[in-house]
1. Listed here are the pairs K37/K166; K95/K166; K55/K194; which of them are more than 20 Å apart at the Cα?
2. Considering only the other residues whose Cβ falls under 12 Å of the Cβ of D82, what net charge follows from Lys and Arg at +1 and Asp and Glu at -1?
3. Residues with beta-carbon under 13 Å from that of L32, excluding L32: net charge, scoring Lys, Arg +1 and Asp, Glu -1?
4. Give the residue list of GluC sites (Glu not before Pro) in the range 24-68 that are DSSP loop and have at most 14 other beta-carbon atoms within 10 angstrom.
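No value in this document is a laboratory result; all are computed from the given coordinates. If you're wondering where the values come from, they're calculated on a predicted model, not measured in any experiment. When we count neighbours, we look across all protein chains shown, and the Cβ atoms used for this are built from the backbone with ideal geometry, even at glycine.
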Amino acid sequence: MLKKYSQLALSTFSPSQASSVIPAECEECRKLIEYLKPYILSVLEEPGSAESVAKRLLEDERALSLLTLVFQITLMRISESDLVATYRELGERFKSAGVDVEDALEAILEHDLWKLRQVRSNFGEFALMYLDFILNYPDDAYNYVVTLLSTMLLLLASHETIEPAKLRSIGEVLSTLSEELESYTLSFVLMLEKLGVEEEVSATARTREELRRVFGLE
């Protein structure tokens, strides 16, 4: 039961980069980053291990409690412009090291923006969709949460280094994960439509290009 609740909470309340969006004065955020430091450093040491580290993280009840709390605080505080600015800054960080992750970060941003808009304007149907997803497709739901946490750990690890080689390795893994998140975005859009939800994003987005237009990223 705890694991199902944790999956629901994390998949519903988690912009991938949430912990970097929260203001520095957030005490809960500082506690989370401090607690996650060993996980972040493990991913920094070997970016390709992000998914295995994320699976270990999912077995850590204190980490899950802190993550759920911080993600919910994030949802109360961030704006769409905050989220966009955070990803733009991340892109510049990679770009300054000669690493191009623009497409990957854009796909992750699109996923986070869609979730943020759903939570704030369509939460009831959105939460029901995730609950149905978890109950009927538990393996897929688990893999989705692992993908979210892997992405978060990689993005946090990118703040721990300025080495081009490390950032390049992180960027390569992010590119793979961003493709998975893009698939989840489109899948969730269709799942919401099956619930009869008529909302701008879910009613119009069918492809990456259409999602970009809806989010105003073109």
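1. K55/K194
2. Value of the local net charge: -1.
3. 0
4. Passing sites in the range 24-68 are E25, E59.
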